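Let me begin by presenting the structure, written as structure tokens, before commenting on it.
The values are calculated or read from the model by the stated rules, or taken from the named source; none is laboratory data. On a predicted model such as this, the values are computed, not experimentally measured, just so you know. Virtual Cβ from ideal backbone geometry, glycine too; neighbours counted across all protein chains shown. Side chains are part of the model used for accessible areas, which takes the heavy atoms of the whole protein and leaves out ligands, DNA and RNA. Shrake-Rupley method; radii C 1.70, N 1.55, O 1.52, S 1.80 Å.
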Amino acid sequence: MTDILNFIGGEHIAPVSGQFFDNIDPAIGKPYGRVPDSGEKDLELAVRAAKNAFPAWRDTPAEQRAALLARLADLIDARLEEFARAESIDTGKPIWLARNVDIPRSSANLRAFADAAKTFSGQRFEKKESQSYTLRQPIGVVATISPWNLPLLLFTWKMAPALASGNCVIAKPSEVTPMTAYMLSQLVNEAGFPQGVVNIMHGRGATIGAAITRHLGIAAISFTGGTATGIDIYSNAAKQLKKVSLELGGKNPTIIFADAEWEKTVEGALAGAFTNQGQVCLCGSRILVQAAIYDKFKEAFVAKTRSIAIGDPLDEATRHGATVSQPHMEKVLGYIALAKEEGGKILTGGKRKMMAGRCQDGYFIEPTVIENLSPGCRTNQEEIFGPVATLMPFADENEALAIANATPYGLAASVWTQDKARATRMAQRIDSGIVWLNCWNLRDLDTPFGGMKKSGIGREGKQRAMEFFTEEKTVTAPR
Ligand code: NAD
């Protein structure tokens, strides 16, 4: 049992109230630690520490800030196995995934923004009457709020640019998966960050999260999470004109044309639907297949889905672990029931997976494929965020686009075709912040990342995140 502590002003401290709540291991359905139930008083301490640290951190040369971020990345890498195991236990994700994706990407995030710190700069403007330049200056005390699906990956993705650009940070991981952020907090002093530059607050969204959005001493919030929460944060922040970046939900289409390269496409659609038990904002949960190959694809896809290795997340062979919590499992199962009511035919899966032994009370759901649903039904419109994919046939490019674009979301899409001109046309006309051609979730951290419509406001990625966390000042003199 581990009691997690807040990290404020370089020290680990319990919440002022002394209150904690359970941290549950979703693969076994039992508590294995406790999380601070932090509130406004804890936040006050963190904001004070961050404010005091800001002037010196702002004036620290970018190279030095970069060196500290790179050192933190090295410290994580040196503990890869420890972090991967902790992430797997906290989330229910396969340790294979945590070891190969979550944790290496977390240190890669820190390194990407260590690089960005060294190269990020303003612009020059030369005119006949004037010469100007812009300065990019840190905002001050900023906050990051992140979700449970990719805990350390998204925690570092948001924290790194804030620090690289010279801000002091209050970072709040999800209360459902706080462990790796706590482990990271144990490395911050060793990496050499001055006290108060990095502050990590644990607790519930409705209490400490909401307090962060209301606090007058916090000038910007970078949020990743659900759309409803994003709307809440946006409206709270509006009252104080806080700067806000919102990375929200998705209902992403995977669009497969008859000429697509077969094996690569089936594998890509499968990874897109079920990676991390379907709990990735980028997951392709609506699979649109051209009518000419619909039956052939369905057969191959269902067979592949049935062969996914479901198991104990700590087992090396497991590729499909537990969903993150009991309430989330129930939500996903509720959507499967809804799909049936809406006329959906379950082709495979559709149930809670009962496990034997250690995981007998775990929150496992079978990878599920459903067909026979209309594009406009709730199952095809609302984000389920679990191992549930629907199959829909389409006749041609126009119909594919109409279905793809007909949801309130616009985060990511993947298009599978060997026709380059068609791929280009689709990329132009799909309403989403990201379009992958013949691949899924191929990420270049330098590129802008974010969603349209209800999937968010703003973009992350190397340059964009550095822009978000800085104020631009224009300095002009006559020629
Ligand atoms: P969530 O919105 O419930 O919680 C996210 C974070 O916000 C948590 O830290 C939570 O404590 C906090 N929070 C909750 N209520 C709050 C409030 N009123 N004020 C301030 N903070 C609050 O989301 P979740 O269930 O943890 O994550 C799943 C969601 O995240 C999905 O919708 C998924 O699509 C989305 N997501 C988006 C991206 C992206 O990049 N667009 C990436 C990953 C996940």
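Answer rounded, prolate or oblate for region 132-232, using the Cα gyration tensor with square roots of eigenvalues a ≥ b ≥ c: rounded when a/c is under 1.5, else prolate when a/b is larger than b/c, else oblate. Oblate, because a/c is 1.5 or more while a/b does not exceed b/c. Per-residue 3J(HN,Hα) values for region 108-121, derived from phi via the Karplus relation 6.51 cos²θ - 1.76 cosθ + 1.60 with θ = phi - 60°, read 4, 4, 4, 6, 4, 7, 5, 5, 4, 4, 7, 10, 5, 7 Hz in sequence order (x marks Gly and Pro). Computed on the chain, with alpha-carbon pairs under 8 angstrom and 6+ residues apart, the relative contact order is 19 percent.
If amide H atoms are built 1.01 Å from N in the plane of the peptide, which residues on other chains or at least 5 residues away come under 5 Å of the amide H of residue 370? Those lying under 5 Å, H to H, from residue 370 are 347, 389, 390, 391. For residue 189 and residue 121, a Förster radius of 35 Å and the Cβ-Cβ distance give a FRET efficiency of 0.70, rounded to the nearest 0.05. At 222 nm, what helix-only mean residue ellipticity would the chain give, in deg cm²/dmol to the nearest 500, using -39500 (n - 2.57) for each DSSP H run of four or more? That comes out to -11500 deg cm²/dmol. Taking a virtual spin label 7 Å from the Cα of residue 79 along the C-beta vector, which residues in region 177-199 bring their backbone nitrogen under 11 Å of it? Only 180-191 fall inside the zone, counting backbone N under 11 Å. Taking every C-alpha pair closer than 8 Å and separated by at least 6 residues, the mean separation divided by the residue count of region 253-444 gives a relative contact order of 28 percent.
Taking amide H atoms as placed 1.01 Å from N in the peptide plane, the amide H of residue 456 lies under 5 Å from those of 248, each 5 or more residues away in sequence or on another chain.
With both bridge residues required to lie in the chain, what share of the DSSP beta bridges run antiparallel, to the nearest 5%? Spell out each step's value before the answer.
Numbers: 31 of 71 bridges.
If I count the DSSP bridges inside the chain, around 45 percent turn out antiparallel.
Could you give the dipole magnitude of the chain about its Cα centre, charging the beta-carbon of Lys and Arg +1 and that of Asp and Glu -1, in debye to the nearest 20?
On the way: 54 positive and 52 negative charges, 213 e Å.
Charge dipole of the chain: 1020 debye, to the nearest 20.
Taking Lys and Arg as +1 and Asp and Glu as -1, the other residues whose beta-carbon sits under 10 Å from that of residue 84 total 0. For region 213-302, averaging the sequence separation of C-alpha pairs within contact (under 8 Å, six or more residues apart) and dividing by the residue count gives a relative contact order of 26 percent.
The residues of region 249-356 present an accessible area of 38 Å² per residue when probed at 1.4 Å with all protein chains retained. Near residue 275: Cβ cut-off under 10 Å, other residues only, Lys/Arg at +1 and Asp/Glu at -1. The net charge is +2.
The simple spin-label model puts a point 7 Å past each Cα toward its Cβ; for residue 442 and residue 463 those points are separated by 2.1 nm. With a ≥ b ≥ c taken as the square roots of the eigenvalues of the C-alpha gyration tensor of the chain, please select rounded if a/c is under 1.5 and otherwise prolate if a/b is larger than b/c or oblate if it is not? Oblate.
Of all DSSP beta bridges located in region 253-444, what percent are antiparallel, nearest 5?
15 percent
Taking only protein heavy atoms and a 1.4 Å probe, the accessible area of region 253-444 is 51% carbon and sulfur.
Near residue 439, the amide H atoms lying under 5 Å from its own belong to 415; only residues 5 or more places off or on other chains count, and H is placed 1.01 Å from N. Under a model in which nothing but the beta-carbon of Lys, Arg (+1) and Asp, Glu (-1) is charged, region 253-444 shows a dipole of about 160 debye around its Cα centre. The HN-Hα couplings worked out from phi for region 398-412 by the Karplus form 6.51 cos²θ - 1.76 cosθ + 1.60 (θ = phi - 60°) are 5, 5, 4, 5, 4, 5, 4, 8, 8, 9, x, 9, x, 8, 9 Hz, whole numbers, x standing for Gly and Pro. Expressed as a whole percent, the accessible area of region 34-187 that falls on carbon and sulfur atoms is 50 (1.4 Å probe).
Per residue, region 84-127 exposes 40 Å² of solvent-accessible protein surface, assessed with a 1.4 angstrom probe and all protein chains in place.
Full-extension gain between residue 128 and residue 22, please, as 0.36 nm times their residue separation minus the C-alpha to C-alpha distance.
On the way: separation 106, 0.36 × 106 = 38.16 nm, distance 6.56 nm.
Residue separation times 0.36 nm, minus the Cα-Cα distance, leaves 31.6 nm.
Here the Karplus relation 6.51 cos²θ - 1.76 cosθ + 1.60, evaluated at θ = phi - 60°, turns the backbone of region 55-60 into coupling constants of x, 5, 5, 4, 8, 6 Hz, with x for every Gly and Pro.
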